[in-house]
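Visitor: Quick one: this structure, given as structure tokens, is what I'll be asking you about.
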Amino acid sequence: MWANLAWRLFRHEMRRGELTIILFAIVLSVSAVLSLSLFSARLQSALTEKSAEFIAADRELVSSKKVEDSWLQKASQLGLNQALQRYTRSMVFANNKMQLVDVRAVDNHYPLKGKVKISVTPFAPPQETDTLPKTGEVWIDSRLFQVLQVNLGDDIEIGDAVLKIGGVVADIPDRGFSVFGNDHLLLMSMQDFAATHLDGPGSRIGYSYFFTGTAAQLSDYDDWITPNLNRELHRWRSIEDDDSAIGRSVKRAERYFLLASLLAIVLASVSIAVAAQRYSQRHFDPVAIMKTLGASRATVQKIYLVQLLLITFSAIAIGLVIGFAVQQLVIQAVADKVSVDLSGWYWQPILMAVFTGFICALLFSMYPLMRLFSVPPLRVLRRDIGANLSSKSIQLLSCGGAIFLLMLIFSGDWKMSLILFGCGILLVLGLIAFTFVLIRLGHKLGQGRISAWQLAWARIRRRSMDNAVQLISFSITLLLLLVVLVMRNDMIGQWRAQLPQDTPNYFIANITAQQLPELKQHFADLNVKTGDLYPLIRGRMAAVNGEMVRTAVSKDDDDTENRGRRGLGREAGLTWLDQIQDGNKLVAGKWFSGQSDELEVSVEQKIAERLDIKLGDVLTFNIGARVLEAKVTSLREVNWQSMKPNFYFVLQPQAMQDFPATYVTSFYLDGQDKALLTQLLAPFASISLFDVDARINQLREIIDQVSLAVEFILVLVLIAGALVLVSQVQASMDERQQELTILRTLGAKGRLIRLSVIFEFVIIGLVAGLMAAAANELTLYLLQSQIFEMESQFHWQFWWQAPLIGAGLVGALGAASCWRLLSLNTAHLLRNMF
Amino acid sequence: MIKTRELTKTVPTSDGTLQILKPISFSIEAGETVAIVGASGSGKSTLLSLLAGLDTATSGEIELNGQRLDKMDEEQRATLRGQDVGFIFQAFMLVQSLTALENILLPAQIAGLENAEQHAKNILEQVGLSHRADHYPNQLSGGEQQRVAIARAFICKPKILFADEPTGNLDAENGQKVEQLLFSLNRESGTTLVLVTHDTQLAQKCDRQLIMQAGQLSEAIKQEAQRVG
């Protein structure tokens, strides 16, 4: 019986548009979650795929020893593709010259992702190749040709082997990003490696095992291999735990997508809460009638739960279709900028969207439905009687609990969920306090002769509790939009700042003090501007407070964040500076005072943590044959993402006066000026050139793609937010309808009513905007400092923009709804009312 | 059919408690038509709400069709209403999202009656609205809505029918139509009718009149009460 009745009610109410609002809210939540998370899943997969090129695989196992065959057999069983690289640093000899190089011996499956790049001649433009050095030959980089003064076809000695220089290697995918950590590169075939005998006793050979496969295969192998890893010997890498500039940008973008999706869920939840409230109030009469006609409470509950489930199912189905379509449209719109694979299918976003739809619909409707079920039958005689249940704590618990639960399940991130939720709670408390101020204000301002202004204030005062709910929903909506917008601005701003248009794309090192004036003049003559000059000397940190660091160092070797800094411990680039570098931040101690008798050193914070170095410790450096002791007087935070020379150890200049230093500097050449390179460096044969142009372009390309994706997500959230605002205003107009109808019936002019509504909404919008700006500042501060690892900044401009936008937007929407209401004829309104 | 003994109703107010109904005792026999008349605020609608089990009394006893209403909880009262009671309200109280026919069907569906649809169509024809079966309440005039409400009240063949100002919202012509329909259907089905009104003409059509005044029954009713007591 009740099922039949529920179905009839659902069908009719659907046809008559009674369910539009709640249906719309669930559709919005499902489609927003699906489109955002499906889009971000696809985009993340595209970015991960692209980023995977930077480790030449999906996963890399770096090991300081050969791993057991069974590990590789397991990978084969799981269907993973594999490649092997052995690497070491070794001296090479040619043309009576010698040079330390980064030797990479690769098998013929390498690289699994990305391409090796070669040049036809040294310093010629790089091009991708699918070939590798043949047996008996090596490829070396352009700089090595310069340093060894060799040509293609010459012999080169590596360990015990003599091989032929068969090509110019411009780049390999897993080269790493560090500007100074890289030695000259030598790429050779694995088959020749044994003949070099570089793997003799005491050698330091590393093994890189590369793997690619499907997500499921990789995940199975992740699970299998993780327990077998020995932290001292192995490092299991994927692009996700890459701490390079790319890795961080991708990670940050992923967090942003997550944040945007979370906020979309909250937006949708707010709109469902508003809609459910309205739905419940509209059904007070039918429930009272049914109870009067003998329906038990259980029957009423079943009827409405079935109806809600029917709405939820329909809305989820519609939401899935819309969400999928929106996502498809967005992907097509960005197709020429980001290559996103549409063929992949992701179940998680769909499950998440369906789950969100259910949780939102059920938990946010819980309290309104409980109120609805409590409507007494006596309402049929006494129309003023509403629901018997009035417990804000149930409402807050069910709504708050639902939001927090969704945030947590969706993000799996306690910290992010707590920050967003906590700031939301603070906002709500602030708004409740503000509402009381408004009520008092409204009491004063609402007095006097009838005017639109007076009517507006009087309504605000009279409907204080309803307005508080509305204020909260408007503020939360505005807050979420602000957070998404400002976070995007800050994030893209910081990305772009990281790589401004004239970021140096060439570094030169090994400049002697004598060459400096001549080099400066030569560069100035050719109109090329050089960056800061840094003195550089290779040194090895040998001891901390007299205790040798060998064990700590070997541990560090397995733990280094990327390959570029692998050499640390044996030798590091030491510099000395009067002033702290741009982009470095002092986090402990003081910069060199020059007062102390002891020599001072400033240490990078992370390496200090890793090697357990504290302020006041005395570090011993071996520089050539000399020993230098310096006291740690400061710790620095270094932005490794900046494409600038960065140093673990910065010494006091006085300490270094006697050491023969070379200098490093950087310069920028745009594409057209590259021909200048040879001319620039011709007079300085001993200088080494580091070409990071290709790296920077790759990085920029990825950042541009991520930025574009972030923009689209922003637009999606803004549209969702705008729709929520419209539905909120619509719902609140409903509540005002009775009063406005009476005013209209009593002959109030349209202008008076319209203006009073506009004023009322403008005041609410203004307050909501102001409170949203305040909460936005706090939320962003916490998100940026705790989650996004960004520098947080104060956004003063939003303190005036948000209230104005709030007032404008909410006022305009109010005016539009009011206009619709006033365009209906009074008799029609009255009939609908009673 | 209906018996009350020392029935009272008080409600809390900001100035203490307010007694809406002073102790009332009376009885109504099966098949009787009784009008409760009185001025606005005299307590007649409160009395109706207690008699119909829509509200609970502060003290006293109510017996409806041999069952003690005052001993029942809300659920039991709802079951009793579904089985034995029909209602007609001043504000019609039709479910806006159901058609005329579906509104009539509603109590039958709640009571789980079979073949209710045919019966509903017949009764809709009896009230002269078969051509309006698929119309929603807001597409009907006030008189038509009340006729639908009357049809709904009779579909389950209730033993007792409570009507609260059934013509209060209607013009004279429609009011008369509704009156005629109400009394003729009532006669046909032999239902006990309790009607609350301040329309003395309507009240006179009933077998008996109970007069409410400031929460008390008028003298004539008191005699009745004494007779019962």
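Visitor: Could you tell me whether B:Gly53 is crowded, with 16+ Cβ neighbours inside 10 Å and either closer than 30 Å to B:Gln201 by Cβ or of a type in the set (Lys, Arg) (or both)? Quick ask: steps written out before the conclusion?
Guide: Details: crowded, with 16+ Cβ neighbours inside 10 Å: yes; either closer than 30 Å to B:Gln201 by Cβ or of a type in the set (Lys, Arg) (or both): yes.
Answer is yes for this residue.
Visitor: Additional query: Would you mind telling me which numbered condition in (1) part of a strand (DSSP E or B); (2) surrounded by fewer than 18 Cβ atoms within 10 Å (Cβ to Cβ); (3) at pLDDT below 90 A:Val162 fails?
Guide: Failing condition for A:Val162: (3).
Visitor: May I ask you to verify whether A:Ala325 is over 29 Å from A:Phe712 (Cα atoms) and either modelled with pLDDT of 80 or more or part of a loop (DSSP other than H, G, I, E, B) (or both)?
Guide: In short, no.
Visitor: Looking at B:Gly112, is it over 14 Å from the mean Cα position of the chain (by Cα) and more than 9 Å from chain A (Cβ to nearest Cβ)?
Guide: So B:Gly112 fails the test.
Visitor: Just one of B:Leu210, B:Leu202, B:Leu182, B:Leu217 is modelled with pLDDT under 85 and hydrophobic (A, V, I, L, M, F, W, C); which is it?
Guide: Sole residue among the options that is modelled with pLDDT under 85 and hydrophobic (A, V, I, L, M, F, W, C): B:Leu217.
Visitor: Can B:Ala133 be described as within 14 Å of another protein chain (Cβ to nearest Cβ), farther than 26 Å from A:Phe284 by Cβ and at pLDDT 85 or above?
Guide: yes
Visitor: Filtering segment A:584-633 down to residues that are crowded, with 21+ Cβ neighbours inside 10 Å and among the hydroxyl-bearing types (Ser, Thr, Tyr), which residue is nearest to A:Leu536 (Cα to Cα)?
Guide: Among those that are crowded, with 21+ Cβ neighbours inside 10 Å and among the hydroxyl-bearing types (Ser, Thr, Tyr), it is A:Ser602.
Visitor: On to the next question. Taking segment A:89-112, which residues are among the acidic types (Asp, Glu) and at pLDDT 90 or above? Show your work before the answer.
Guide: Going through segment A:89-112, the residues among the acidic types (Asp, Glu) turn out to be A:102, A:107.
Once the filter is applied, which keeps residues that are among the acidic types (Asp, Glu) and at pLDDT 90 or above, segment A:89-112 yields only A:Asp107.
Visitor: So A:Leu112 ticks every box in (1) in contact with a strand residue (DSSP E or B) (Cβ under 8 Å, 6 or more places away or on another chain); (2) surrounded by fewer than 24 Cβ atoms within 10 Å (Cβ to Cβ); (3) not in a loop (DSSP other than H, G, I, E, B) but one. Which box is left unticked?
Guide: Evaluating A:Leu112 over (1) in contact with a strand residue (DSSP E or B) (Cβ under 8 Å, 6 or more places away or on another chain); (2) surrounded by fewer than 24 Cβ atoms within 10 Å (Cβ to Cβ); (3) not in a loop (DSSP other than H, G, I, E, B) leaves (3) as the failure.
Condition check ((1) among the acidic types (Asp, Glu); (2) modelled with pLDDT of 80 or more; (3) in contact with a Phe, Trp or Tyr (Cβ under 7 Å, 6 or more places away or on another chain)) across all residues:
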| position | (1), (2), (3) |
| --- | --- |
| A:Ala775 | no, yes, no |
| A:Glu791 | yes, no, no |
| A:Trp799 | no, yes, no |
| A:Ile805 | no, yes, no |
| A:Leu824 | no, no, no |
| A:Ala827 | no, no, no |
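Visitor: Still on this structure, please answer the following. I'm checking my understanding of the structure. Among residues of segment B:64-82 that are away from chain A (no Cβ under 12 Å) and not charged (D, E, K, R), which one is farthest from A:Glu13 (Cα to Cα)?
Guide: B:Gly66
Visitor: Further question on the same structure: Tell me the residue from A:Glu609, A:Glu561 that is among the acidic types (Asp, Glu), under 29 Å from A:Arg248 (Cα atoms), in a loop (DSSP other than H, G, I, E, B) and at pLDDT below 85, please.
Guide: Every option except A:Glu561 fails the conditions.
Visitor: Continuing with this model, one more query. Please pick out the residue among B:Val127, B:Val148, B:Val178, B:Val85 that is closer than 19 Å to B:Leu54 by Cβ and either within 13 Å of chain A (Cβ to nearest Cβ) or crowded, with 18+ Cβ neighbours inside 10 Å (or both).
Guide: B:Val85
Visitor: For a quick check of your reading of the model, give me the residue pairs whose first member lies in segment B:29-49 and is within 14 Å of another protein chain (Cβ to nearest Cβ), whose second is crowded, with 23+ Cβ neighbours inside 10 Å and not in a strand (DSSP E or B), with beta-carbon atoms closer than 6 Å and at least 6 apart or on different chains.
Guide: That search, which allows pairs on different chains as well, returns B:Ile36/B:Lys44; B:Ser45/A:Leu381; B:Ser49/A:Leu381.
Visitor: Search segment A:361-386 for residues that are more than 12 Å from A:Tyr304 (Cβ to Cβ) and pair each with any residue that is among the basic types (Lys, Arg) and modelled with pLDDT of 85 or more when their beta-carbon atoms are under 7 Å apart and the residues are at least 6 apart or on different chains.
Guide: Between residues of segment A:361-386 that are more than 12 Å from A:Tyr304 (Cβ to Cβ) and residues that are among the basic types (Lys, Arg) and modelled with pLDDT of 85 or more, the close pairs are A:Pro377/A:Lys291; A:Ile385/A:Arg379.
Visitor: Looking at A:Leu84, A:Leu144, A:Leu80, which one is in contact (Cβ under 8 Å) with a residue 24 or more places away in the chain, surrounded by 21 or more Cβ atoms within 10 Å (Cβ to Cβ) and either acidic (Asp, Glu) or over 24 Å from A:Asp693 (Cβ atoms) (or both)?
Guide: Matching residue, one of A:Leu84, A:Leu144, A:Leu80: A:Leu80.
Residues are listed down the side, and each one gets a yes or a no for (1) away from chain B (no Cβ under 14 Å); (2) farther than 30 Å from A:Ile696 by Cβ:
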| position | (1), (2) |
| --- | --- |
| A:Asn230 | yes, yes |
| A:Lys251 | yes, no |
| A:Leu267 | yes, yes |
| A:Val270 | yes, yes |
| A:Gln277 | yes, yes |
| A:Lys291 | no, yes |
| A:Thr299 | no, yes |
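Visitor: While we're here: Given the conditions (1) within 19 Å of the chain's Cα centre (by Cα); (2) under 30 Å from A:Phe210 (Cα atoms), and given that A:Glu53 satisfies all but one, which numbered condition is not satisfied?
Guide: For A:Glu53, the exception is condition (1).
Visitor: Let me ask something else about it. If you scan segment A:128-159, which residues turn out to be in contact with a helix residue (DSSP H, G or I) (Cβ under 6 Å, 6 or more places away or on another chain) and assigned to a strand (DSSP E or B)?
Guide: A:Ile158
Visitor: Name the residue that is farthest from the chain's Cα centre (by Cα), counting only residues in segment B:166-175 that are surrounded by fewer than 22 Cβ atoms within 10 Å (Cβ to Cβ) and in a loop (DSSP other than H, G, I, E, B).
Guide: Only one residue fits best here, namely B:Asp171.
Visitor: Might you let me know whether segment B:54-63 holds any residue that is in contact (Cβ under 8 Å) with a residue 40 or more places away in the chain, within 13 Å of another protein chain (Cβ to nearest Cβ) and closer than 30 Å to A:Arg282 by Cβ?
Guide: Pass one, segment B:54-63, residues in contact (Cβ under 8 Å) with a residue 40 or more places away in the chain: B:55, B:57-63.
Those left that are additionally within 13 Å of another protein chain (Cβ to nearest Cβ): B:55, B:57.
From what is left, the residues that are closer than 30 Å to A:Arg282 by Cβ are B:55.
Yes, segment B:54-63 contains at least one residue that is in contact (Cβ under 8 Å) with a residue 40 or more places away in the chain, within 13 Å of another protein chain (Cβ to nearest Cβ) and closer than 30 Å to A:Arg282 by Cβ.
Visitor: Checking B:Ile104 against (1) within 10 Å of chain A (Cβ to nearest Cβ); (2) crowded, with 16+ Cβ neighbours inside 10 Å; (3) in contact (Cβ under 8 Å) with a residue 24 or more places away in the chain, only one condition comes out false. Which one?
Guide: In the conditions (1) within 10 Å of chain A (Cβ to nearest Cβ); (2) crowded, with 16+ Cβ neighbours inside 10 Å; (3) in contact (Cβ under 8 Å) with a residue 24 or more places away in the chain, B:Ile104 misses (1) alone.
Visitor: Still on this structure, I have one more. Of all residues in segment A:201-217, which are modelled with pLDDT under 85 and within 20 Å of A:Leu78 (Cβ to Cβ)?
Guide: A:Ala215
Visitor: Then there's this: Applying the selection to segment B:68-78, what residues are crowded, with 17+ Cβ neighbours inside 10 Å and either of a type outside the set (D, E, K, R) or modelled with pLDDT under 85 (or both)?
Guide: B:Leu69, B:Met72, B:Ala78
Visitor: Now for a different question. If I ask for residues that are more than 15 Å from the chain's Cα centre (by Cα) and at the interface with chain A (Cβ under 9 Å from one of its Cβ atoms), which ones from segment B:88-101 would you list?
Guide: Hits for segment B:88-101 are B:Val95, B:Gln96, B:Ser97, B:Leu98, B:Thr99.
The values are calculated or read from the model by the stated rules, or taken from the named source; none is laboratory data. Keep in mind the model is a prediction, meaning the values are calculated, not measured. Methodologically, a virtual Cβ is constructed for each residue, glycine included, from the backbone with ideal geometry; neighbour enumeration extends over all protein chains shown.
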